Amino acid sequence: MRHFIVDIDGTICTDSRGKYELARPMKNRIDYFNSLFDSGNKITYWTARGANSGKDWLEFTKKQIEGWGVKYTELRTDKPAYDFWIDDKAYNGNRFFDELYF
């Protein structure tokens, strides 16, 4: 079993630039992570929605991704603030899909 931490906007849906109600699901990407979940992996969706505005987007986001058929272990909207994220296992969302898995 592996644990995947996946950003929502721009990874499993279009980046709506803060207009989250306009975000559209990327079905092939959602299907891919759902297959990982169905295989016993942990999937944590983590988003910065509300980080700048202070608005709580948790319930909206939960309903939105469940409406898209997203399966997950955990949903977090408390993405930490940082200037740099340095990680030896990180992938750019587009590179992950474009180069590695499709």
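The values are calculated or read from the model by the stated rules, or taken from the named source; none is laboratory data. This structure is a prediction, so every number in the text was calculated from the model and none was measured. Note that we place each Cβ from the backbone using ideal geometry, even for glycine, and neighbour counts take in every protein chain shown. In case anyone asks, the SASA skips ligands and DNA or RNA and just uses the protein heavy atoms, side chains included. Shrake-Rupley method; radii C 1.70, N 1.55, O 1.52, S 1.80 Å.
Across the range 25-52, the number of residues qualifying as under 17 Å from D15 (Cα atoms), open to solvent by less than 80 Å² (accessible area, probe 1.4 Å) and part of a helix (DSSP H, G or I) comes to 2. Restricting attention to the range 53-64, does a residue exist that is surrounded by 14 or more Cβ atoms within 10 Å (Cβ to Cβ), closer than 18 Å to F4 by Cα, modelled with pLDDT under 95 and within 15 Å of the chain's Cα centre (by Cα)? No, the range 53-64 has no match at all. The set of residues from the range 1-60 being hydroxyl-bearing (S, T, Y) and under 17 Å from D78 (Cβ atoms) comprises Y20, T44, Y45, T47, S53. Against the list (1) on the phi > 0 side of the Ramachandran plot; (2) surrounded by 15 or more Cβ atoms within 10 Å (Cβ to Cβ), the condition C13 fails is (1).
Contact map, the range 19-47: residues that are at negative phi paired with residues that are part of a helix (DSSP H, G or I) and surrounded by 13 or more Cβ atoms within 10 Å (Cβ to Cβ), Cβ distance under 7 Å, separation 6+ or inter-chain. Pairs shown: Y20/F60; R29/F97; I43/F33; I43/L36; I43/F37; Y45/I65; T47/T61.
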